[in-house]
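J.: Below are the structure tokens for one structure; questions will follow.
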Amino acid sequence: MRSTPTPLVELRGFTAVDPRSQRVLLEDINLTVDHGEQLLLLGASGAGKSILLNAIRGVIPHSVPLHISGDCFVAGKPVITNTVADLSRTVGNVPQDPHASITLPLVEDEIALTLENHGVDPAEIGARVHKLLASVDADHLLHHRTQSLSGGWIQRIATVAALAAQPSVVLADEPTSMLDGAGVAAVMQVLTELTGDDGALILVEHRLDELAEGPGLPERTVVIDAGRIQADGPTRQVLTEHANQLEANGVWTPGVRLPEYPTSTLTDAAPLLRARNLTVRPAPKVDPIVTNIDLDIHAGERVAVMGANGTGKTTLLMALAGLLPVDGDITGRPPVMVFQNPEHQFLTHSVHDELRFGLNTDAATETAVQRLSTALGIDHLAELNPFRLSGGEKRRLSVVTGLLAAQHRAEPTVLLADEPTFGLDRAATTTMLDELTAHANSDGAVVIITHDHRLADAWATRTITVTQGALV
Amino acid sequence: MTTLTLQHPSTLVEPGAITRWNPSVKLITLFVVSVSMLFIWEPIRPALLWAALVIIALTIGNVPARWLAFAHIPFIAFGFGLFLVNVLARAEDGVVIGAALAGRTLVIGVASILFLTSTAPVDLMRSLNQNLKLPASITFAVLAGYQLLLGLPKEWQTIRAAQVMRHGGAKLNRKGKPKLTIKDAGRLVFTVLIVALRRSERIATSLESRGFGLKPRTVYRPIRVHAGDVVVGLVVCLFAVAYCLPWI
């Protein structure tokens, strides 16, 4: 349905250059998105997907001062002469990091804030907040404190808060990254419903299989690589015609399976880590997330910990790592844990030092450092400060340091990793899983948290689900 | 490891009559009471006023006695300092003036405690914005910063745990508790600051993307100034001025 002739988004010869490094981030982008169109944006990490979304919502150049040339129009208005707030009348942005959009202590106020900003009649706000919450199955959270919610619930709240004012263009940068299966369906439903017949959706998403099987893939796909549009057309056509190139770039495409990892044979030796009668609470005097559980992790095992949002997967891992006071016994070799936010674990001022921190300085270790950093593509970053890397590079660095510690500190031990493939493209995910498998096969073991069922099915030798105080 | 939390005093106290008093009017009244105390130069009237305020705090203020006593510590310390300086510096009237100043400190102290325990930050900021027309850009910036601050203790603990992990476990001190060396603390502070800075940048852009700064804004749950709020405020202010001025 094309009710007006003006396209909702129009870029003509749009180019963005980082003035400090002179790096061309977007080059000669020509893109038109009409009313009623839904568009999937594909590309490897660092290809420029997020930069393109930021250009459309005006963050570039208004908040991130890049040198831009060419034109960018939103509903006919030039982005360059409209503030981000002005543009928000047309453009809604579902944030990549939902925690970073929460401003107020109560869920109700958080969603109402967007409506207040847009001058919605106060008499309508209450009903609209209810409806928005219900659309993501979060009615029960109306009077909850935002601080107490888990990542997945925060993501749902942030999504409806971002789209509360019913913008006609919705930009969504991995809107389901922290969600379990039910959450993915609910959020995608909201995104498609809110854009309706007349709006437009531009979606960056890695979980394409879940999308294809559930709400369906957008009809149009745009592929960008190194800042340039490589392909633009009907999704099925683009995916077939460019299959090889997408494969070579390591982009997630629907239907491409992860390799099946062989099951490992377990020895009768004592487990690397043994928990008995374990009861774990996230904080003293709070209901436990698991009660009286027994858990053995043997050498060679690859365990995936799953469970709905907010069930306490991270807390369980921290308890196994010995970082939380628990009731019960945990015996065995002290494990190594990789945290969800890579920045939390950086201790040095260069990638080179970070990789070698706390390790023996022998030839074997040095070889392992070189091999792993090359395999995961962070070898060329040695001189950089870890805090200045891109999101994907930070994640790879933090898991590599964890792997090295688990392998080379004293004797091989269990590596506990909280979402080690979060935000990685397919190529990096596959390499990461290969390396985790290699660690398990060389007398270690790996326990990861993931929301991705396919990944768990293909890779894990055992899947544990945390649910209502027990492990299944 | 105990769990660090940061809580506003208002979340620890059962809301009562003083909570329902309009925050802006309450703030102005607090200011008037504090200013009128400047005219008192003898110790009896502050002492009586202090006693009255303590009784109000313990009864309609719902402030737990223990909590009130703890909150007094800084004011008592400061008041005692004032008293001592005056006793030593002024031979003739040092005791009287010192006691008056110390009493003044305690009165303003209890009044502030009453204000804090009865006013949620969000209500205060909304009221300043709606009733006193302070720009929304300021009040919401304060609120967003305050939310960030509340999250910092948890962030601090997670980062500490994450860094301890990198060290292969914490070094223990003589009592068997994890030891935080100066170098560790430096790294910890650095990371906490970076993470907080990143987050505040993202909050700012995200607020803008949600239309913050557009005009006109509407208000979902308006904080109203009722006639009762103003009458109570005026009565308290007039009483304070009359009680404190030297000609009475």
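J.: Sorting check: for B:94-100, B:29-35, B:122-128, which peptide has the highest mean count of neighbouring beta carbons within 10 Å, and how do the rest follow?
T.: Highest to lowest by the protection proxy: B:122-128, B:94-100, B:29-35.
J.: Still on this structure: Once you average over the residues of B:151-158, how many Cβ atoms of partner chains fall within 10 Å of each Cβ?
T.: Across the residues of B:151-158, the mean count of other-chain Cβ atoms within 10 Å is 2.
J.: Could you work out, for the range A:88-164, what percent of all Cα-Cα pairs fall into each 10 Å distance bin, beginning at 0 Å and stopping at the bin that holds the largest distance?
T.: 21, 59, 21, 0
J.: Based on DSSP, what percent of beta bridges with both residues in the range A:273-471 are antiparallel, to the nearest 5?
T.: 40
J.: Oh, and also: Once the dipole of the range B:135-209 is set up with Lys and Arg at +1 and Asp and Glu at -1 on Cβ about the Cα centre, which of B:194, B:164, B:143 lies farthest towards its positive end?
T.: With unit charges placed on the Cβ atoms, the residue in question is B:164.
J.: Go through A:391, A:359, A:451 and say which Cα lies farthest out towards the positive end of the charge dipole of the range A:273-471; charges sit on Cβ, +1 for Lys and Arg, -1 for Asp and Glu.
T.: Looking along the dipole axis, the top candidate is A:451.
J.: Okay, moving on. For the range A:26-68, what is the convex hull volume of the alpha-carbon atoms per residue, in Å³?
T.: Dividing the Cα hull volume of the range A:26-68 by its residues yields 86 Å³.
J.: Here's something else I'd like to know. Considering the alpha-carbon set of chain B alone, what are its Rg and its Dmax in angstrom?
T.: Taking only Cα atoms of chain B, I get Rg and Dmax of 23.0, 72 Å.
J.: Could you tell me the center-to-center distance, by alpha carbons, between the range A:1-68 and the range B:199-232 in angstrom?
T.: Each part reduced to its Cα centre gives a spacing of 31 Å.
J.: Mind checking the log10 I(q)/I(0) for the range A:273-471 at q = 0.07, 0.09, 0.12 Å⁻¹? Debye, one equal scatterer per Cα, no solvent, two decimals.
T.: Debye output, listed in q order: -0.19, -0.32, -0.58.
J.: Please sort by residue number the trypsin sites (Lys or Arg not before Pro) in the range B:204-245 whose DSSP state is loop and whose Cβ has at most 11 other Cβ atoms within 10 Å.
T.: Sites meeting the loop and neighbour criteria: B:224.
J.: Separate question: Largest first and to the nearest Å, give the Cα extent of the range B:174-248 along each principal axis.
T.: 61, 47, 22
J.: Enumerate by residue number the chymotrypsin sites (Phe, Trp or Tyr not before Pro) in the range B:179-248 meeting two conditions: DSSP loop (anything except H, G, I, E, B), and at most 15 other Cβ atoms within 10 Å of the site's Cβ.
T.: Values: sites: B:190, B:212, B:220, B:239, B:243, B:247; in loops: B:212, B:220, B:247.
The qualifying sites are B:247.
J.: For the protein assembly as shown, give the magnitude of the charge dipole about the Cα centre (Cβ charges: +1 Lys/Arg, -1 Asp/Glu; no others), in debye to the nearest 20.
T.: Using only the charged Cβ atoms, the result is roughly 2540 debye.
J.: Pairs of alpha-carbon atoms within less than 8 angstrom and 6+ residues apart define the contacts here; what relative contact order does the range B:135-209 have, in percent?
T.: Relative CO of the range B:135-209 lands at 36 percent.
J.: Give me Rg over Rh for the range B:45-177, both radii from the alpha carbons and Rh done the Kirkwood way, two decimal places.
T.: 1.16
J.: Separate question: Enumerate the amide H contacts of residue A:9 below 5 Å, restricted to partners 5 or more residues apart or on another chain; note that Pro and chain-start residues carry no placed amide H.
T.: Amide H neighbours of residue A:9: A:33, A:75.
J.: May I ask for the angle, rounded to the nearest 10°, between helix B:23-36 and the longest principal axis of chain B, with both axes built from Cα atoms and the value confined to 0 to 90°?
T.: 50
J.: Quick check on the range A:213-350: what are the equivalent-ellipsoid semi-axes from the Cα gyration tensor, as sqrt(5λ), descending, whole Å?
T.: Value: 42, 19, 17 Å, ordered largest first.
J.: Angle, helix A:151-163 long axis vs. longest principal axis of chain A, Cα atoms, 0 to 90°, nearest 10?
T.: For A:151-163 against chain A, the angle is about 0 degrees.
J.: Moving to a separate point now. Calculate how large, on average over all directions, the projected area of the Cα convex hull of the range A:384-472 is; give the answer in nm² to one decimal.
T.: 7.0
J.: Compute log10 of I(q)/I(0) for the range B:67-135 with the Debye formula, placing one identical point scatterer on every Cα and leaving out solvent, at q = 0.12, 0.15, 0.21, 0.27 Å⁻¹, to two decimals.
T.: -0.48, -0.62, -0.82, -1.04
J.: Still on this structure: Take the Cα pairs of the range B:101-248, get the Kirkwood Rh, then feed it into Stokes-Einstein at 10 °C and 1.306 mPa s and tell me D in µm²/s.
T.: Numbers: Rh = 20.2 Å.
Approximately 79 µm²/s, per Stokes-Einstein.
J.: Let me ask something additional. P(r) for the range A:1-109, please, calculated from all Cα pair distances in 5 Å bins and given in %.
T.: Whole-percent P(r) values from 0 Å outward: 2, 11, 19, 23, 20, 13, 7, 4, 1.
J.: To the nearest 10 degrees, how steeply does helix A:181-195 sit against the main Cα axis of chain A, on a 0 to 90 scale?
T.: 10
J.: Which semi-axes, in whole Å and largest first, does the equivalent ellipsoid of the range B:135-209 have when worked out from the alpha carbon gyration tensor as the square roots of 5 times its eigenvalues?
T.: 33, 12, 9
J.: Let me ask something additional. Whole angstrom only: what separates the Cα centroid of the range A:115-173 from the Cα centroid of the range A:360-420?
T.: The distance from the Cα centre of the range A:115-173 to that of the range A:360-420 comes to 39 Å.
J.: Now for a different question. Please figure out what share of the DSSP beta bridges in the protein assembly as shown is antiparallel and state it in percent, rounded to the nearest 5.
T.: 50
J.: Moving on. Computed on alpha carbon atoms, what radius of gyration and Dmax characterise the range A:269-349, expressed in Å?
T.: Gyration radius and largest Cα-Cα distance of the range A:269-349: 13.5, 42 Å.
J.: So for the range B:135-209, if I pair up every lysine 8 or more residues apart or on another chain, how many of those pairs have alpha-carbons under 20 Å apart?
T.: For the range B:135-209, the number of qualifying lysine pairs is 4.
J.: Just how many % of Cα pairs in the protein assembly as shown lie over 34 Å apart, if you round to the nearest whole percent?
T.: Roughly 55 percent, once rounded to a whole number.
J.: Hey, another quick one. To the nearest µm²/s, what D does Stokes-Einstein give for the range A:156-272 at 37 °C and 0.692 mPa s, using the Kirkwood radius over alpha carbon pairs as Rh?
T.: Estimated via Stokes-Einstein, D reaches 199 µm²/s.
J.: Here is a follow-up. Averaging the inverse of every distinct alpha carbon separation and then flipping it gives the Kirkwood radius. What is it for the range A:144-188, in angstrom units?
T.: Kirkwood radius, the range A:144-188: 11.2 Å.
Coordinate-derived values only; no laboratory data. All values derive from a computational prediction rather than experimental measurement. Note: ideal-geometry Cβ built from the backbone for every residue, glycine included; neighbour counts use all protein chains shown.
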